[in-house]
Every structure is written in C-alpha cells, then in structure tokens.
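Accompanying notes for the structure given below.
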Amino acid sequence: MSHHDQHDDHEHGEHHILSNAMGLKILLILIVMTVLTVVTARIDLGHLNGPIAIFIACFKAMLVILFFMGMKYDSNDNRAFFASSFVFFGVFVVLTAADVFTRVGDWRTHGPELKATMMKEIQPKFWEDSEESLKRGATLFKEQCVTCHGSEGHGDGPASAGLNPKPRNFTLTADWKNGRTVTGIVTTLNKGLGSMPSFDNFPLPNRFDLAHYVLTLNAEKPATPTADQLKAVGVLDPSKDDGGLAAGGSSKSIPIEFAIDRYVEASKK
Ligand code: HEC
C-alpha cells in the first residue's frame with residue numbers, strides 16, 4: 001500500500017511524491033475556490049470585494065506552493081527562503097497602498113466620492129454663470145488656454161506663432177465660428193476647432209466655467225442659451241438642477257484623473 005499521505009520526515013534533497021488521492025483533493029478545493037471567486041465577484045460587497053478576492057487567491061496560491069510545489073515536505077531552509085520573498089512582497093504592497101489610498105484628490109481611488117462632491121459643489125444649474133464658476137474658469141483658463149490664447153485672451157500666446165488660423169481673440173466679438181455664446185464655446189471645447197484640441201475630457205461643468213470666463217473678456221453680453229442648445233452640448237436635462245448628469249451621466253462627463261485634480265485644486269481656492 002502507499003504511504004504517500006503520511007508526512008514522513010524526509011531528509012534534505014529527497015523528493016516527495018504527492019499521492020493521486022491527495023492531488024485530486026487539492027485540485028477539487030482549487031476548483032471550488034475558483035467558483036467562489038467568480039460568485040463573490042458578482043455580488044456587490046462594497047469595499048470587501050477586493051480583500052475577499054485577494055484572500056481566496058492567496059489561499060489557492062498557498063495550496064499550490066505547499067502541495068504541488070512540495071513546500072510542505074521541503075527543508076526548513078527552503079521554506080524560510082521562500083517565505084521571506086513573500087514577506088518582502090507584502091511590505092511593498094502595504095507601503096504602496098498606504099501611499100495610494102491616502103491621496104485625497106486621486107480619481108482612481110476616490111473617483112465616485114469626488115464625482116459626487118463635484119456634482120454637489122457645481123450645482124445647481126452650472127450652465128448659468130456665477131462668481132464661483134468664473135473663478136474656476138479663470139483658474140482653468142490660466143492653466144489650459146493661455147499658451148495659445150494669451151494671458152489677456154488676445155490670441156497671442158507663445159504657442160500661437162505657428163498657428164493658422166490664429167487662436168481666437170476673445171476681446172473681439174466678430175467672426176466666431178461656433179458663435180460667441182456659452183453653448184457656442186462649449187461646442188468648441190467639446191469638439192475642438194481646427195488646430196485647437198477638444199477639451200471633452202474635462203467635466204462638463206468645468207467646460208461651462210471656461211465658457212463663462214471667456215465671455216467676460218468682452219463687455220458685450222451674449223444671448224442666454226435655450227434648453228435645446230444646452231441639450232445639444234451635453235446637458236442631459238436642463239429642467240433638473242444638476243442637468244441630469246449625476247444620475248444619467250454622459251460618458252463625456254466622467255472626469256479623467258487630470259480633470260479631477262484640476263477641479264479639486266480649483267475648488268480649494
Ligand atoms: C493649441 C492651441 C490652443 C489651445 C491650448 C486652446 N485653443 Fe482655443 N483656439 C485655438 C485656435 C487655433 C483657434 C481658432 C480655430 C479656428 O478658427 O479654426 C481657437 C479658437 C477658440 C475659440 C473660438 C471658437 C469659435 O467659435 O470661433 C474658443 C471659444 C476657444 N478657442 C476657447 C479655448 C479655451 C477655453 C481654451 C482652454 C481650455 C482653448 N481655447 C485652448 C487654439 C487653441
């Protein structure tokens with residue numbers, strides 16, 4: 001009869017052969033745990049989903065290491081050697097997590113909360129201008145637009161030299177291709193225009209902030225946009241305070257990390 005299942009004290013260098021029965025048992029456990037991983041991944045357990053998946057994965061890895069790789073029957077030296085690499089790996093993971101998960105403005109780890117805050121703070125009716133909106137717009141303008149449009153909006157920024165046609169001079173009212181209106185400017189930011197890139201990775205409310213600010217560079221007040229014009233540039237439902245963005249959200253309104261960082265910075269001021 002076989003004596004494979006007994007934990008003989010093997011001498012260094014001897015190779016333990018796993019019995020078929022034992023191998024099958026471990027394999028079954030691994031399969032069950034794989035099913036468990038899939039099942040738990042489909043249930044929303046909030047913050048627990050990650051840790052549970054990692055726990056199951058570690059448990060499975062441990063079984064493979066102990067039985068299939070024979071660590072259970074190996075010498076203590078080898079075990080210590082092997083375990084220490086995991087200890088160091090763990091230290092790296094913990095240190096990295098301590099950094100990443102405490103970054104307040106990081107969209108990857110705090111995205112949903114940041115988006116909620118963003119929607120709350122920019123509401124209500126972000127498409128109407130306000131003092132805060134103009135302040136955010138001014139900050140974003142300095143960061144994103146002056147290289148081409150110039151610090152006073154004359155279209156004479158350092159990067160304008162090689163451009164044809166030149167960046168728009170915001171202090172003049174004539175010849176705007178998309179119209180000198182809030183929604184006209186948001187259209188330009190949504191789609192870009194000629195050599196001007198699109199800024200549709202910015203949250204929609206921030207694109208309105210920019211439009212409001214740009215319109216202050218000439219004293220002439222433009223027409224107030226209609227509901228249809230607002231819808232055309234991405235406000236899903238102008239009858240709602242948040243424009244329908246918080247609930248429905250358009251894919252364009254999902255802020256990338258960059259835009260969120262800008263927004264968090266601007267909202268601190
Ligand atoms: C890479 C240079 C560049 C940057 C950066 C840039 N623009 Fe422009 N912008 C241009 C150019 C060039 C035009 C003129 C395009 C044309 O007339 O074909 C233009 C035109 C415009 C217009 C006029 C559109 C119309 O109806 O004629 C608006 C509004 C505008 N930009 C806003 C902005 C804002 C706001 C920013 C910052 C978020 C910005 N731009 C950043 C190059 C730039």
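The values are calculated or read from the model by the stated rules, or taken from the named source; none is laboratory data. Only a predicted model underlies this, so the values are computations on that prediction, with no experimental measurement involved. Neighbour counts are summed over all protein chains in view; Cβ atoms, including those assigned to glycine, are modelled from backbone coordinates with ideal geometry.
The residue that is modelled with the highest pLDDT, counting only those in region 205-240 that are among the acidic types (Asp, Glu) and surrounded by 14 or more Cβ atoms within 10 Å (Cβ to Cβ), is ASP209.
How about region 126-150: which of its residues are part of a loop (DSSP other than H, G, I, E, B) and more than 10 Å from the ligand (Cβ to nearest atom)? So that I can check it myself, show each step before the final result.
At the first step, the residues of region 126-150 found to be part of a loop (DSSP other than H, G, I, E, B) are 126-130, 145, 150.
If the condition is that a residue be part of a loop (DSSP other than H, G, I, E, B) and more than 10 Å from the ligand (Cβ to nearest atom), then PHE126, TRP127, GLU128, ASP129, SER130, GLY150 are the ones that fit.
For the structure I just gave you, tell me whether LYS221 is over 28 Å from ASP237 (Cα atoms), more than 9 Å from the ligand (Cβ to nearest atom), among the charged types (D, E, K, R) and assigned by TED's automatic domain parsing to the domain that holds GLY244.
Values: over 28 Å from ASP237 (Cα atoms): no; more than 9 Å from the ligand (Cβ to nearest atom): yes; among the charged types (D, E, K, R): yes; assigned by TED's automatic domain parsing to the domain that holds GLY244: yes.
For LYS221, the condition - over 28 Å from ASP237 (Cα atoms), more than 9 Å from the ligand (Cβ to nearest atom), among the charged types (D, E, K, R) and assigned by TED's automatic domain parsing to the domain that holds GLY244 - is not met.
Can you name every residue in region 167-178 that is within 6 Å of the ligand (Cβ to nearest atom), surrounded by 15 or more Cβ atoms within 10 Å (Cβ to Cβ) and of a type outside the set (Phe, Trp, Tyr)? Break it down stepwise before answering.
To start, the set of residues in region 167-178 that are within 6 Å of the ligand (Cβ to nearest atom) comprises 167-168, 176-178.
Next cut, surrounded by 15 or more Cβ atoms within 10 Å (Cβ to Cβ) only: 167-168, 176, 178.
The answer is PRO167, ARG168, ASN178.
With respect to the conditions (1) surrounded by 13 or more Cβ atoms within 10 Å (Cβ to Cβ); (2) modelled with pLDDT of 80 or more, THR109 falls short on a single one, namely (2).
Say whether the condition of being more than 10 Å from the ligand (Cβ to nearest atom), modelled with pLDDT under 90 and farther than 23 Å from GLY150 by Cβ is met by at least one residue in region 183-199. Within region 183-199, none of the residues are more than 10 Å from the ligand (Cβ to nearest atom), modelled with pLDDT under 90 and farther than 23 Å from GLY150 by Cβ.
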